[in-house]
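So the structure is just underneath, and the comments pick up after that.
The values are calculated or read from the model by the stated rules, or taken from the named source; none is laboratory data. These numbers come from a predicted model, not from an experiment. Heads up, the Cβs are rebuilt from the backbone with ideal geometry, glycines too, and the neighbour counts pull from every protein chain shown. Each accessible area value is taken on the protein alone, full model and side chains, heavy atoms only, with ligands, DNA and RNA left out. Shrake-Rupley method; radii C 1.70, N 1.55, O 1.52, S 1.80 Å.
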Amino acid sequence: MPRRQEGRESQMKSFVKIAFASSAAIVGCLLIAGFVMVPSIFAAKYEAEKMTMSDGAELVTIVRLPDGEGPFPTLIVRSPYDLPHTPLSGLPSEDFSNVDDKDLPKVIWQAVIDAGYALVVQHTRGRIGSDGQALLNKDRDDALELIAWVQQQDWSNGKIGTTGDSIEAIMAMLTNAENPEGVQASFVQIGTPSLINDAMFGPGGAIKLETFLPWTAEQILTADDTHYEAIGYGPIKRRTSLISMMLKGQALLSDLETPHTVSAWRHLPLKDYPHFAAASEGWNAILDARPGDELAEYFNGSVTDIPTYYVAAWMDVFASSQLSSFARGEVRNADQRLLILNGTHFAPESPTTWPIQPMLPWFDYHLKGEASALLDLPRVIFPIANADDEWYGTDTWPPAAIQTETWVLSYDAGIRPPTAVKVTDENDAEPDADDLSNPEFVLARASVASGTRGYAYDPDHPVPTVGGKNLLITHGPKDQRGVRENDRSDVLSYESDVLTTDLIVAGPLTANVSVSSDARDTDFTLKVLDITPTGEAILVTEGIQRARFRESLNTEVFMVPGQVYTLDIDLGHMAWRFKSGHRLAIDISSSNFPQWDRNLNTDAPLFSSTDRQIANNVIHHGAPYGTSIQLPVVPDLGAFERMHGYTTEPYVPLED
């Protein structure tokens, strides 16, 4: 197969393939070879010039220049991955099948070079030949030094753009947060502005286990020799450690569809995780980090004045944090644009998932001053996630045209939509449906009887993850019937009446859930589902709230057993059409594993204890508390610009 997509997906799959290999065969080969094989598996495939940093570390820094005398504007990528990288912006895939590994630095991203840009790719510390420790190192500082170095080169005109995909996008946004002189634009796809706050932890305070565990493990396992030298591992210790990590990786990635059954995912405690934690200071540092502390803020690039083009994907693990970052920029009137794609984290690697190719026009406008480069397009372009090439444009995100509706959950397992009442007399009889658009009426939340529903959450038997916004494990809008109909008493299901008209949402979804428990701490999860006429329960979006962080992610406030609390659960962003004849459904529980780590239902320090207990959790409905979901309803799609002629194809993952 041509090496057109040997970016993140193929590199992660390479790790998976190694992990899938027979343990006995790996160990046998390594012993016979005197452990020589281990470093060679992950050694850099090519050599390149190195840039000497202010502390003496030497980082691999690849430079490609266009034809001509220059000077040129420059695009910078900082990456822990080897070449070739993920194609950006849907640019045509490049065929490297006849290119020797050693020649890759000479041929990558030809479209960027042909467009008249210099390209600089720097490998981050401890990766692909660069000195130092991998994972959570001096990324902001190194980026600023790289920018200053580029500006000093004869071939540079001093105008710089930052760009990248996934972790490369995270590195770019960290750089942008410094607002460095010379950086005039950025194009970031499928990344999050905050490595700690958003990538590893969710807005509800739980850790995104399915992202943290395999990605962090892969970064450590495939680190360069210099990483192990920096942490004091000699040749023998490094080789024995790598063998142990490879075997652990085999277990960790042996079943990506039902990972909840695998002991490597269930290991407790997460801190001091066998072999990996000892091989990187970053492992425990991530688990100890909290929003606002020094480490989290160092890796927080949420605010910038750099003009930025964001690309997200509806079912990407970073989608909600990226869209929330864009929304914060809207409040500040930032110079930014947004394109949302369909698909999961790796979807942008296929050019056919892109309706337009916005990167080079964005840089041409900002770095070359070409006023006509930007097409006359809306600032925000998005598809309805479950529609076939139904794309819309709007001027902002969340869209100004949405109307927030509160749908109330009842203790008889129903979901009640808002009702229309007269402004002048709320005691009037419910009006006809036609009156919903009449200015004399407003939408009011439905009134439901008081009542409770409860369940027992056992952390030894968590609700399994089936689809969702995940990185490697089962992902996407999967059917949840296997979870709902599997005799699980710890999943409370709610359904609306059959919809008589389409219900379209576009924007952030939230829920207010009134809860109590006999535990001092526990989690509450919520899934939004689309029930089809044939019974499929399609996952639309989901969220989680850790009770101890209900007031603030920076402060732990434990529950008083039996006391009722109202939790705000962030359900992320989505554009979805619940069709007429379908039902809106909600599932509430206390686990979604291993998408999120399990709450052990105690007040022990997180990630350090193995003590656990069953929590008896209760959901409260009706007065005086109530449980509801807030939907960003689109009353009229005519408020958006329909983007005609946008043709894309579903993303097809690479075959192993």
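Got a sec? Which of 196, 231 is closer than 30 Å to residue 592 by Cβ and not charged (D, E, K, R)?
196
Can residue 164 be described as in contact with a strand residue (DSSP E or B) (Cβ under 9 Å, 6 or more places away or on another chain), open to solvent by 10 Å² or more (accessible area, probe 1.4 Å), on the phi > 0 side of the Ramachandran plot and not aromatic (Phe, Trp, Tyr)?
When the stated conditions are applied, residue 164 does not pass them.
Could you tell me whether any residue of region 316-327 is modelled with pLDDT under 95 and over 18 Å from the mean Cα position of the chain (by Cα)?
no
Can you tell which of 291, 307 is in contact with a His (Cβ under 7 Å, 6 or more places away or on another chain) and at negative phi?
Sole residue among the options that is in contact with a His (Cβ under 7 Å, 6 or more places away or on another chain) and at negative phi: 307.
Does any residue of region 234-241 turn out to be open to solvent by 40 Å² or more (accessible area, probe 1.4 Å) and touching a helix residue (DSSP H, G or I) at 6+ places or on another chain (Cβ under 6 Å)?
yes
Name the pairs: first residue in region 590-607 and under 18 Å from residue 261 (Cα atoms), second residue open to solvent by 30 Å² or more (accessible area, probe 1.4 Å), Cβ to Cβ under 7 Å, at least 6 apart or on different chains?
The qualifying pairs are 593/260; 594/260; 600/611; 600/612.
When you scan region 71-86, do you find a residue that is of a type in the set (S, T, N, Q) and open to solvent by 10 Å² or more (accessible area, probe 1.4 Å), even just one?
No, every residue in region 71-86 fails to be of a type in the set (S, T, N, Q) and open to solvent by 10 Å² or more (accessible area, probe 1.4 Å).
Quick one: how many residues across region 90-124 are on the phi < 0 side of the Ramachandran plot and either open to solvent by less than 20 Å² (accessible area, probe 1.4 Å) or not in a loop (DSSP other than H, G, I, E, B) (or both)?
21
Which members of region 47-67 meet the condition of being hydrophobic (A, V, I, L, M, F, W, C), closer than 13 Å to residue 125 by Cα and part of a loop (DSSP other than H, G, I, E, B)?
53, 57
Please go through region 172-183 and give me each residue that is in a strand (DSSP E or B) and modelled with pLDDT under 95, ordered by number.
none
Check residue 506 against each of (1) modelled with pLDDT under 95; (2) under 16 Å from residue 631 (Cβ atoms) and name the one condition it does not meet.
(1)
When residue 489 is evaluated against the numbered criteria (1) without any contact (Cβ under 8 Å) to a residue 40 or more places away in the chain; (2) over 21 Å from residue 410 (Cα atoms), which criterion, by number, is the only one it fails?
Answer for residue 489: the failing condition is (2).
Could you check, for region 258-280, whether at least one of its residues is more than 20 Å from residue 136 (Cβ to Cβ) and in contact with a strand residue (DSSP E or B) (Cβ under 7 Å, 6 or more places away or on another chain)?
So far as region 258-280 goes, yes, one or more of its residues are more than 20 Å from residue 136 (Cβ to Cβ) and in contact with a strand residue (DSSP E or B) (Cβ under 7 Å, 6 or more places away or on another chain).
Among what's in region 457-510 and is aliphatic (A, V, I, L, M) and under 18 Å from residue 262 (Cβ atoms), pick the residue that is most open to solvent (accessible area, probe 1.4 Å).
466
Here are the criteria: (1) touching a Gly at 6+ places or on another chain (Cβ under 7 Å); (2) at pLDDT 75 or above; (3) assigned to a loop (DSSP other than H, G, I, E, B). Tell me which single one residue 44 does not satisfy.
Here residue 44 clears every test but (2).
Please determine whether any residue of region 238-251 is among the hydrophobic types (A, V, I, L, M, F, W, C), modelled with pLDDT of 90 or more and under 24 Å from the mean Cα position of the chain (by Cα).
No.
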